[in-house]
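See below for the structure under consideration.
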Amino acid sequence: MTAAGPLIEARDLSVHLPGAETMTPVIDKVDFTVGEGRTTGLIGESGSGKTMIASAVIGLLPEAATVSGELRLRDEELLTAGEKRRRNLRGHEIAMIFQDPLSALNPAQRIGRQVGEILRRDGLPRGEVDRAVVGLLDQAGIPDPERRMRAYPHQFSGGMRQRAMIALALAGSPSLVLADEPTTALDVTVQARILRLLASIQAARGMSMLLVSHDLRVMSHVSHDLVVLYAGRVCERGPTKRVLGRPRHPYTKALLASVPAVREASVPADPLPGAPANPMARPSGCAFHPRCPLARERCKVEVPLAREIEPGRFSACHFAEEVTP
Amino acid sequence: MTGLVIRRLAVGMFVLWGAVTLMFALLRMAPGDPATLMLGPDATSAEVDALRTELGLDRGVFAQYLTYLGQIARLDFGDSYRFNLPAMDVVLDRLQATVELTVTATVIAAVAGLTLGMLAGYRPNGRLDRTVSGLTILLQGMPTFWVGIMLVLLFSATLHLLPSSSVGTPQHMIMPAVTLSLPFTAIVARIARTSVVDSMQEPYVQTAYSKGLSRFQVLTGHVLRNSLTPVVTIIGLQMGALLGGAVIVENVFAWPGLGSLIVESVANRDYSVVQAAVLLIAAVVVVLNLLADLSYSLLDPRIRTGGNR
Ligand SMILES: Nc1ncnc2c1ncn2[C@@H]1O[C@H](COP(=O)(O)OP(=O)(O)O)[C@@H](O)[C@H]1O
Ligand code: SF4
Ligand SMILES: [Mg+2]
């Protein structure tokens, strides 16, 4: 960890959803941190629970879900905080950028109104709200913000919509921004630009970011720390460079192998065999064992607990030491 | 947009022609003959024949139909046998009372229906939702004439609170308008509820919550506006059906509008008046439906401002 303590610290964070018979832990005892002024990347295949974790952090889980464990913002426990307190934190301390910027913006309201809503509700006079909105849109890289703030979302391109969404998230000057696959719905050509924008805003504002993605290349560019998720559990976590430089979990290694080298952007070199496990029906023991080349008997019966392999690096593999570079 | 209006008007003209033709055929098929009815039981058959010739009733039905279409095209709707006045004058004279009744009923249905629908959609399957849902089923299941009679029995005959019939004061309006609005209220409430529940699932609602808004603020600030389109459309479409309900309600409460005029005129075989009234109602329905279509584009900036970027 860096000198500054974590802004967000999750310990044994679980989210249960109603399953066929009982409440099922889609998120199962997850630990992670988001450092002050740092970006934590949350990576995992589709359905591994990334959105669920982000929703738990901002407190917008589906109504049927129950959450347990610990989730601290600085020194404040969020899971036991009242709904009013959580609502006040939303937008002001913790903001969220959603995957699909078209459906995440209200089609019936002008961009400026949506971006400035939080400031207006905070009681800022109209003129100041407008000035702030222009500044936010400008910071998000939207040209001619005075005019564009009067447009409706459908009049924007995909990239511009996501920029508007970023401006919207920044409006309350949050300490933490949750970005849930912010580029997945966008053209490939725009993706890199939006990511660079997010990274530069994060650095310039000194804020923290939880960046959710299934794309390892995205992570390697933007996130300082990495949390690798599989079927609602953390496989391994630590500083991004060290995790990707020398994976300590067979799943991370397999993920890395499946990403084509950045230079030859072609088909995955070594696609991960087998289908991802469903967190609602997790295999016994280590959820990864049906796909794991190192798996043996112990993996089928005993759930591996996270161990600190080296300072700041955790792996939840019984045989982490055997994972070759 | 202009293309849409033109297309809808063309369809509307076709609908009007259909309504006129159907009404013409039905009236001629009905037993009874205006000349006999007008002259009374004592008239001789020679007198009746003379009147029939005068009224053009001795000619073939198809010839009468063609003559009639020609007259309509010149906006000549014939004369009322009963009042010796142009039929359309008789109809327009009664139109105002019907418009007052249906507009009042529509306002009641829109306000009450939207309120009920939002209350129900606020927490789907909550206690309020189940209550409203039961209420709407009840409202839609009760026949209008029965509701009217029950209201009269309760508020006029028993409680002596409201006048049972005719016009004059706002109190006269209450029972007919409420009776007429009840099934309409139920429809608006159901559509509004569905629309609110659907809109609450939209991703932009998550965005609104992520700004720290409360459920109520999300509902009023974001969901309401986006739920309105189907509600306005159903109001426009159902106003036509409301005119049908008005015929019944007007007769229950002796409300001197188009509805009671049509019933009187059918009883007296006053063909021209019935045809003029039906034509007018059909025209109103066509215009209302057109407005309902256009309301889409007025409510939705994606259509109003045109094009996807
Ligand atoms: N609203 C919901 N109700 C029930 N199950 C859900 C809901 N949302 C997600 N899930 C389940 O929870 C798991 C995690 O989903 P999610 O967090 O959306 O994954 P990711 O964002 O990594 O793709 C999935 O297996 C999915 O089936
Ligand atoms: S615990 Fe076993 S199955 Fe799981 S990743 Fe490690 S070796 Fe593979
Ligand atoms: Mg997701």
Most fluctuating residue of B:ILE108, B:ILE262, B:ILE72 in a GNM of chain B with Cα springs under 10 Å: which is it? B:ILE72
Using the alpha-carbon atoms, what tilt in degrees (0 to 90, nearest 10) does helix A:111-121 show relative to the longest principal axis of chain A? 90
Simple SL model, points at 7 angstrom along Cα→Cβ for B:ASP49 and A:ARG85; separation in nm is 10.2
Among the aspartates and glutamates, which have Cα under 17 Å from the Cα of A:LYS241 when same-chain residues fewer than 8 positions away are ignored? A:ASP215, A:ASP225, A:GLU308, A:GLU310
Full extension from A:HIS221 to A:LEU102: what is 0.36 nm times the residue separation minus their Cα-Cα distance, to one decimal in nm? 40.3 nm
Structure-based [θ]222 nm, chain A - -39500 (n - 2.57) summed over DSSP H runs of at least 4, per residue, nearest 500: -9000 deg cm²/dmol
On a full-extension model of 0.36 nm per residue, what is the gain between B:PHE14 and B:ASP42, subtracting their alpha-carbon distance, rounded to one decimal in nm? 5.8 nm
Please work out the C-alpha center-to-center distance from the range A:35-75 to the range A:211-257 and express it in whole Å. 16
Residue span A:SER284 to A:ARG242: 0.36 nm per residue of separation minus Cα-Cα distance leaves a gain in nm of 12.2 nm
Across the residues of A:105-114, average count of Cβ atoms on other protein chains within 10 Å? 5
Need the list of lysines near A:LYS300 for cross-linking: C-alpha distance under 21 angstrom, and skip anything on the same chain fewer than eight residues off. A:LYS29, A:LYS253
Would you calculate the separation in nanometres between label points at B:ALA30 and B:LEU153, each defined as 7 Å from the Cα along the Cα-to-beta-carbon direction? 3.0
Hey, if we sort B:GLU250, B:GLU100, A:GLU63 by accessible area with the 1.4 Å probe, largest down, what's the order? A:GLU63, B:GLU100, B:GLU250
Under the Karplus relation 6.51 cos²θ - 1.76 cosθ + 1.60, θ = phi - 60°, what is the ordered set of whole-Hz ³J(HN,Hα) values for the range B:42-56, x standing for Gly and Pro? 7, 5, 7, 5, 5, 4, 4, 4, 4, 5, 4, 5, 4, 7, x
Hey, with R₀ at 56 Å, roughly what FRET efficiency would A:GLU76 and B:VAL61 work out to, going by the Cβ-Cβ distance, to 0.05? 0.05
Residues of the range B:191-214 with amide N under 12 Å of a point placed 7 Å along Cα→Cβ from A:GLU63: B:197-198, B:200-201
Taking the Cα centre of the range B:67-194 as origin, work out the dipole magnitude from +1 charges on Lys and Arg Cβ and -1 charges on Asp and Glu Cβ, in debye rounded to 20. 660
Rank B:VAL48, B:VAL196, B:VAL274 by mean-square fluctuation in a GNM of chain B with C-alpha springs under 10 angstrom and give only the top-ranked residue. B:VAL48
Which whole number gives the average, over all residues in A:163-170, of C-beta atoms from other chains lying within 10 Å of the residue C-beta? 1
What aspartates and glutamates does B:LYS211 reach when the alpha-carbon gap must be under 12 Å and sequence neighbours fewer than 8 apart in one chain are set aside? A:GLU93, A:GLU117, A:ASP122
Using protein chains only and a probe of 1.4 angstrom, how many square angstrom of A:LYS84 are accessible, to the nearest 10? 140
Taking every DSSP beta bridge with both residues inside the protein assembly as shown, roughly what % is antiparallel (nearest 5)? 60
What is the distance, in nm, between label points placed 7 Å from the Cα along the Cα-to-Cβ direction at B:VAL111 and at A:ASP12? 5.7
Given the rule -39500 (n - 2.57) for each run of at least 4 DSSP H residues, summed and divided by the residues of chain B, what is its mean residue ellipticity at 222 nm, to the nearest 500 deg cm²/dmol? -25000 deg cm²/dmol
Sequence of B:ARG82, B:ARG94 when ordered by accessible area, the most exposed leading, probe 1.4 angstrom: B:ARG82, B:ARG94
In a Gaussian network model of chain B with springs linking alpha carbons closer than 10 Å, the residue among B:ALA241, B:ALA110, B:ALA177 that fluctuates most is B:ALA241
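The values are calculated or read from the model by the stated rules, or taken from the named source; none is laboratory data. None of the values given here were measured: they were computed from a predicted structure. Ideal geometry is used to build each Cβ from the backbone, glycine not excepted, and the neighbour counts take in all protein chains shown. Surface accessibility is based on the protein's heavy atoms, side chains included, excluding ligands, DNA and RNA. Shrake-Rupley method; radii C 1.70, N 1.55, O 1.52, S 1.80 Å.
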